[in-house]
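Here's the structure we're looking at; comments come further down.
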């Protein structure tokens, strides 16, 4: 018995499709294409919980007025190498892309530049923005948190305080960049929701039930009162993830001047972007020499199991190249969820490759 192959789509067709949906939902200017590109980039890299799966939810936020479709962010502060925006709940994927591009431009002038965005909407997958900097030979750090959401407890606690608080770093080398995308928690809210929806369990004790007991059941996060995701390090070494969460919350909400202290209630984001130009430090060639040596040394490390050692981003970039060459295979159910949205706006669903 043969299993039917999942349909594949041209990346450009999926981008055009998603952009048409966001334009129809009211986004102006370059926002529809920027959001479509950012979401698809997550799928190309394998971050399928933070790619086009988010599009129906984002469009619902536009329709309800919870996401602002038009206009520009307000400039709160601008000292050249340090910029703060109020995102006015504009599309977070668009704001994050703009912030990375501005930080890159300013880093080329000042050596280092930081852009902080408060009051953004959700920004999707952090890894999707990294190559905007590494393709220019620049090192980038991105962090994000949502001050309206709490699903991760501090180490030793069982009352949630944080979001998963992701942190991503893009490091140029003489070859492929190193693309790091981690979080302060063992897994994400998106993955927990997907596993619950599919009737699956976490691969390990990645959460605590409301009574504090470790569990592999994602349903524990949806009880009343809810359980929590465990920080990176789990029950034994979760102080490490707890520390990362505190850092991310300070970089995003602290520097932005808006966060949990204000008790916001709507899903959104606080964003930190920092870019370094290696040419302003020890030199671009020296930087590439060091980072390339490091990547080669990591890959050459004797494997502990059957698989060779990889550097972060290696598998995602391979997936991206394959998808661009042979077509994008979306995670099951993503296109089905988009179909009624497309029908509502009269946007044709792209045809799969034959």
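The values are calculated or read from the model by the stated rules, or taken from the named source; none is laboratory data. What you see is a predicted model; the values in this text were computed from it and never measured. Counting neighbours? That spans all protein chains shown, and the Cβs are built from the backbone with ideal geometry, glycine included.
Table: residues versus (1) closer than 20 Å to residue 20 by Cβ; (2) touching a helix residue (DSSP H, G or I) at 6+ places or on another chain (Cβ under 6 Å).
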site: 48; (1), (2): no, no
site: 56; (1), (2): yes, yes
site: 59; (1), (2): yes, yes
site: 69; (1), (2): yes, yes
site: 73; (1), (2): no, no
site: 81; (1), (2): no, yes
site: 91; (1), (2): yes, yes
site: 100; (1), (2): no, yes
site: 105; (1), (2): no, no
Practice item. Take the residues in region 75-104 that are touching a strand residue (DSSP E or B) at 6+ places or on another chain (Cβ under 8 Å) and assigned to a helix (DSSP H, G or I), then tell me which one is farthest from residue 254 (Cα to Cα). Key: 104
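Out of 257, 333, 233, I need the residue that is modelled with pLDDT under 95 and either over 29 Å from residue 185 (Cβ atoms) or more than 19 Å from the chain's Cα centre (by Cα) (or both). Which one? Outline the logic, then answer.
Numbers: 257 fails: modelled with pLDDT under 95; 233 fails: modelled with pLDDT under 95.
Only one candidate passes the filter, namely 333.
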Exercise for review: Exactly one condition in (1) surrounded by fewer than 16 Cβ atoms within 10 Å (Cβ to Cβ); (2) under 21 Å from the mean Cα position of the chain (by Cα); (3) touching a residue at least 40 places away in the same chain (Cβ under 8 Å); (4) not in a loop (DSSP other than H, G, I, E, B) is not met by residue 289; state its number.
Suggested key: (2)
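Yes/no matrix, rows are residues, columns are (1) buried (at least 16 other Cβ atoms within 10 Å of the Cβ); (2) closer than 23 Å to residue 140 by Cβ:
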{"position": "239", "(1), (2)": "no, no"}
{"position": "250", "(1), (2)": "no, yes"}
{"position": "298", "(1), (2)": "no, yes"}
{"position": "328", "(1), (2)": "yes, no"}
{"position": "336", "(1), (2)": "no, no"}
Revision key, fill the gap. Checking 60, 80 in turn, the sole residue that is over 24 Å from residue 316 (Cα atoms), surrounded by fewer than 24 Cβ atoms within 10 Å (Cβ to Cβ) and assigned by TED's automatic domain parsing to the domain that holds residue 330 turns out to be 60
Check your understanding: In this structure, does residue 16 turn out to be outside any loop (DSSP other than H, G, I, E, B) and either free of Cβ contacts under 8 Å to residues at least 12 places away in the same chain or closer than 28 Å to residue 331 by Cβ (or both)?
Key -> yes
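Are any residues in region 158-196 in a loop (DSSP other than H, G, I, E, B) and out of contact with any strand residue (DSSP E or B) (no Cβ under 8 Å at 6 or more places or on another chain), and if so, which ones?
Within region 158-196, the subset in a loop (DSSP other than H, G, I, E, B) is 158-161, 163-165, 172-177, 184, 186-188.
Once the filter is applied, which keeps residues that are in a loop (DSSP other than H, G, I, E, B) and out of contact with any strand residue (DSSP E or B) (no Cβ under 8 Å at 6 or more places or on another chain), region 158-196 yields 173, 174, 175, 176.
Is it the case, given these coordinates, that residue 153 is at pLDDT 95 or above, surrounded by fewer than 19 Cβ atoms within 10 Å (Cβ to Cβ), over 30 Å from residue 102 (Cα atoms) and touching a strand residue (DSSP E or B) at 6+ places or on another chain (Cβ under 9 Å)? Break it down stepwise before answering.
Working: at pLDDT 95 or above: yes; surrounded by fewer than 19 Cβ atoms within 10 Å (Cβ to Cβ): no; over 30 Å from residue 102 (Cα atoms): yes; touching a strand residue (DSSP E or B) at 6+ places or on another chain (Cβ under 9 Å): yes.
Judged against the criteria, residue 153 is not a match.
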Review point. For residue 351, which of the numbered conditions (1) exposed (fewer than 11 other Cβ atoms within 10 Å of the Cβ); (2) touching a residue at least 40 places away in the same chain (Cβ under 8 Å); (3) not assigned by TED's automatic domain parsing to the domain that holds residue 49 fails to hold?
Key: (3)
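Tell me the residue from 6, 66 that is touching a residue at least 60 places away in the same chain (Cβ under 8 Å), within 22 Å of the chain's Cα centre (by Cα), surrounded by fewer than 16 Cβ atoms within 10 Å (Cβ to Cβ) and in a loop (DSSP other than H, G, I, E, B), please. Full working, then the answer.
Working: 6 fails: within 22 Å of the chain's Cα centre (by Cα).
Of 6, 66, the one residue that is touching a residue at least 60 places away in the same chain (Cβ under 8 Å), within 22 Å of the chain's Cα centre (by Cα), surrounded by fewer than 16 Cβ atoms within 10 Å (Cβ to Cβ) and in a loop (DSSP other than H, G, I, E, B) is 66.
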